[in-house]
1. Could you pull out every one of the lysines with an alpha carbon less than 21 Å from that of Lys1338, ignoring same-chain neighbours closer than 8 positions?
2. Give me the number: length gained by fully extending Ser140 to Ala119, i.e. 0.36 nm times residue separation minus the C-alpha to C-alpha distance, one decimal in nm.
3. Largest first and in whole Å, give the semi-axes of segment 507-596's equivalent ellipsoid, each being the square root of 5 times a Cα gyration tensor eigenvalue.
4. Match the structure shown to one of the listed values (1) 7, 20, 21, 19, 15, 10, 6, 1, 0; (2) 8, 27, 32, 20, 11, 2, 0; (3) 10, 36, 37, 16, 2, 0 of P(r) over Cα pairs in 20 Å bins from 0, in percent, computed from it, and give that label.
5. R0 = 56 Å: FRET efficiency of Ile437 with Asp1331, Cβ-based, nearest 0.05?
6. With each pseudo-label sitting 7 Å past Cα toward Cβ, what's the Glu1156-Lys1338 distance in nm, one decimal?
7. Using a Cα-Cα cut-off of under 17 Å, which aspartates and glutamates could be cross-linked to Lys205, ignoring same-chain neighbours fewer than 8 residues away?
8. To the nearest 10 Å², what's Asp173's accessible area with a 1.4 Å probe?
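The values are calculated or read from the model by the stated rules, or taken from the named source; none is laboratory data. The structure displayed is predicted, hence computed values, not measured ones. Cβ placement follows ideal geometry from the backbone for every residue including glycine, while neighbour counts extend to all protein chains displayed. Note: accessible area is taken over every heavy atom of the protein model, side chains too, but ligands, DNA and RNA are not part of it. Shrake-Rupley method; radii C 1.70, N 1.55, O 1.52, S 1.80 Å.
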Amino acid sequence: MVFATATSTDSAFTISRSIPKEETKVLDLWKQNPKADGRGVKVAILDTGCDLAAAGLQTTSEGLPKYLDFLDCTGDGDIDTTSVVTVPELNTTSTSTSIVIKGKSGRDLTLGESWVPAAGSELRLGTIRLYDVIPRSVRSRLLRERKTIFEDEHHRLMAQVQQNLDELQSQIDSCASASNTDKDDKDGDDKEKEKKKTDQDEEKKRLILRRTDNDVLMGQYQTMLESYDDAGPYMDVVMFKDNKTDSDGEYMAVIDLTADGNLTESIPFAPFAKSRQLGEFGFGSAVTFCIQVYDEGKTLSIVTDAGSHGTHVAGITAANFGADDPKNGVAPGAQILACKIGDGRIGSAETGTGLVRALIASKKYNCDLINLSYGEPSWQPDSGRVSEVFADATRKWGMTVFTSAGNDGPALSSLGSPGALSSPITVGAYVSKDMMIDQYSTLKAPIEDGEQDLRDTSYYFSSRGPTPDGLLPDLCAPGGAISPIPRHLLQGKAQYHGTSMSSPNACGVAACVLSAVKQKLGVDHISPAELRKGLLNTAASVDISDPFAQGAGLISATAAVDYILEHRGKLCQDLTVDVMLPNRNNARGLYIRDKLELAGPMTFDVKVLPRFQHASVRTDEEMDEVLSFELDLDLTPSKSWVKCPERMSLLSAIERNGQAFSVRLDVEDLPPGVHYATVDGIDSNDRARGPLFSLPVTVIKPHSSVVDANNPTTTVNDNETITLKDNGIDFIMSYSLEAGAPSRRFLDVPSTAEFATIKIKSSAPNHLTSPHRVLIHAIPFVRGDLPNTQTQLKKLVQMTEGIEKEFHMKVKGGSTLEVCLQLLWLANASSASVVVEVEYHSFSTRAPTLVTSQPLAISAGREFARFGASANLRSEKLNPSATLDSVRRTIRPSSYDIQSGSGDRDIMPPSDSELKANPELKASDGTEIYNMFLKYEFEIDSEKSIKVTPFIPSLFNQLYDSPLDSQIWELYDSNSQLLECGSAIHHADAVSIGKGKYSINFHTRHPSRQVLEQVKDVPFELVMSTDALECKVYSEMAKASTPAVTDDGRKEVGVMVLRKGDFQDLYVARPTGDLPKWVKPGDVMTGKVSLDKSRSGVTSMQLTYQVPPKSEVKKLNENKLPKDKEDEKSLDETVFDSKVSYLSKTRSKNATTYRELSETLLKENSTSISLLSELLLFAKEAKLESDSKDAERVKEIQKVRDLLSVSNGGPIDESALAQYFGLALPTEDELQEDKDAAKLKKKMDEQEKLLQATLLALADATATLAISDSSRASDLDISVKELKKWPSFSDAKDKLTYSLTLSRHLRVCKENIGAAIKILMDARKDQTASDSYKQLTKEMLLIYKILDAHHLIEDTKNTLYKKFPPKSTK
């Protein structure tokens, strides 16, 4: 790829290299009118958002700001700022003049004196993670860069430890050497020698222990390095009203861009349109941002781009590098409204929320044009809520929408949405021969007397029409450009190609056209219908013509201007006229594709319907328009094989809902291939206007229809052939491929065929021009609710001499299979010859519905499922296998909430007609969109992590045609940590989650509250992966119906050949292996059954197994000993327990009363376990009045400790207790048989539990004391030694306290930092409770501070924030 840079050798009017303008006659238009450069035109760019600081996108050609505004329409940068605090009074006793508040993240925030509002003023708080607001590409780069920095810091830390290890080892070796020297010394006092040896041994022991701890520390450091997972910085936000410049006050936002809480030097930001403020996130990101404030300060929007695409698109449309600069965009005078519709939470994919909000915003800012270079597979065009709003944007709100056709060509019927919608102008990707050389350095093909000229054509990838109902793209424009990209990609410009580039080029051309027309006529607005006619009726033909990619042709600026000026004001010029076929489900075109259709009736009814826009109650002017509308039209077919009436009189026809005429097709004599024609409605009195409406007609005549057993070979074009093989079903086809031209073959698929094998190889390779790359694109059938992406074969093949490539694809019997080949010419434009073989196969197993066929199901009450295989077309290898590898669990919502949408973003404005009829109406008087939030809850009960993919099956794969405005879901763990997001059209990445509770928040929207109420129970499905379970395939029902039987000599079906005409019964048995323990009854296990393992991609069906209730079968005569009843308590014991219960109620009320009563009870029964347990709780929790509370706490717990001992009248003989638990304890059966043994065990268990709790409380309190008073370290050492004698804890809180105590003991008493960290890290692995995890982590932070490990402190705090984000107040 070559990044060509334009040089101004002549002038900007003759050179157009980086962003093509010469091809579309924009340069010619500028010659005629230098001010027709888009000035006076506003263009909304609906995309990933833009870098507001990118080169060439600062001002227009006349010095206006390039950007009207930058809006995040997705909500992925929204920050909840409903948390409110007030500015505190300045502390007069402090020397500091700064005000400090607690941020929402929990961090202390020091406010700036220059901007902090007056005391008592309201502050709104929020917080955001950097990685949540920057593009994924930048996040990936920062992760790499920050990891390198972390590793450098960490390696320095590890190097210090290694130096300590080496130094300690040297000292240990010196001790050993000195000891050996003393052994050899025969002189001296023996006592002195013994003392010296003892000292040396103690020193050596100390050194070895220190080295061991450093070794442990090194291991912990290594673990930290290996487990490093950068959570990224988190930043607090403070919002306030600035009353200095406006009595009402404008919200300003201060963002902690340094992520350290110091806001003293921070600059407050206002919404971008107010002061055009830009910010830049630090940490090496180079990501610029602006802010928006919505809903009276309840939401702060941090607006960034989600990728480079939007900036590149904006640059193509309207970049301005200066007067006459050839690097300029197509319309350097136009202004841009940047609308981010690519949601960063889902990889910058568009959402319905983003699209609808962007269209609303475009109208709010009075945009003339909209560009949407996005797209998804097309399901059912012109249906669904988003499609409706696009239609409203064009017809009701008067904005012209340009959109990309998609990049899924070159086969027919590959057009996606929104390119398949009626309302936008859909743009295919065109490439000129100059672009091939300038942008791609294309190598020309050699010919005898030099080189073959390149030819203008469509890009191979440009999606083609017709849609299933017959619609084609509208026109084409240059589909490649070198344009600005965001600074965060660390380069200024880039060369991209795609229909994403052709659409903004066409949009820029339209901006120049509007600019010229507005200036000439002195008007503010040109209707979308008028502009569309001007562009389509003047489009130029392309050298290599392809209406399925190019529509009317290449957009032409000068011709469009002339057309609009000439025909402005004529009847129907600014009116949309819809054409449809009522008997074909209101299809927008006539598309005959399959052989059966060709044999059917060839006469079709057509309805023509003018679309008049009007207020809810028509005005007099609107009544006059419909009453006086009458236009004589000539009906003109473009090809002789299309027959239609000669004329029609077009009326408003509102009462009849349109006017009708018939079309007849005469296809008998058409040669094989695809044929295209139109039926145009042209003004009889002004034919120069061109079509006022047009019906596209596409007919495919299969190539297979012109060969048979008697005439097996026929010539296609000049030097290509198609041959029917001897078996009468398979084909051999030769292709001669030329640069820029797709070559298509259409085959009628045998009625019983299920899949095809396609083989491709080079023929007559030329060593001068080889190798070639060939794109093979095969589409098996076209159906309205199933996009080509679900069924097609699309492979890029490097053609190598003598090497045959083989592919398999599913087909549908009776449909027409297109096998389209195109030579990739970007590097090598030389022609190539290839041969393709197509073989059909079938097991006659699946219903002929291809992708949507029903699964093979094993129900919960049945042990097997039956199916069969037959070889109807040819002998087939049968080698079946069946596995289940995932679990599907369906969950219902636990709660729902319907709310009004944002008053600033979610009100669809009234139509232009309504506003004209009612001038007092405002945009806020439009239609409100409601939000519904559903909450789903589920639990994972698996000891190891499971990969889970949530989605809503009933709404999935619907976006533009979805019945709801939008859908997005967020998966959270029990700590409110966001784990993953998903949307309507793309599966999210599978999330690995462990044991615990989880929730899914699902957000959808609709303008009807009733609709939302009716779909509030929509089920969610969790797809959970598991290890594959084999299901055996048998040929006998008797074997499959008893799958658990294994010793009867049974055999599965192995490799076998089904001869043509043979049939084989097959039975899939349920899995006999153990199901995962976490699988529940009602879950459905899914997998696949393949008829041939080696071709599983095309011979497989979905297999399901409904999980039955778990087996609870028991042996009938299993006898168990009856349990002994516990001895009833005496009256005295019951009374005493009541007294202890009363004592517990006074614990927090009156310490004096508590102590007096406890003394009385101790005298009454000093061995009561319940009493001593209550006294321990009081010692741990009581409010202490002493100045030294930690020491007093230790003293109180020590009292209880003393009371436990038998020597002090207590119940516990520690020696006897230790001896009891040191012996082999009685089994459950022995305890049932021996009542005395059971009593003794209960007594000992109670004593052990009390002793453990007391020792733990004492050690914990002593550790707290020793941290503040190092002189008490010896007390801690004694307490821990005693505690370690009874170390087994089952309670989670006790385990936490034990770990913290041991870590503190090692740190304070032993100075064993490594061991202290290890205990905390090991304990943290087992903790699921958030508070426990936080406590252990905060303890680690204290140690990191001692180690001066700032990088560990920062990383740990960031991770804590990510795992335990602040709770939303919404």
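1. Straight-line reach from Lys1338, under 21 Å: Lys102, Lys104, Lys1293, Lys1295, Lys1310, Lys1318, Lys1325, Lys1357, Lys1362, Lys1363, Lys1367.
2. Working: separation 21, 0.36 × 21 = 7.56 nm, distance 4.25 nm.
Here the answer is 3.3 nm.
3. Listed largest to smallest, the semi-axes of segment 507-596 are 30, 18, 9 Å.
4. (2)
5. So, using R0 = 56 Å, E works out to roughly 0.25.
6. With each label point 7 Å from Cα toward Cβ, the separation is 3.8 nm.
7. Straight-distance partners of Lys205: Asp166, Glu167, Asp173, Glu194, Asp213, Asp215, Glu1311.
8. Approximately 90 Å² for this residue.
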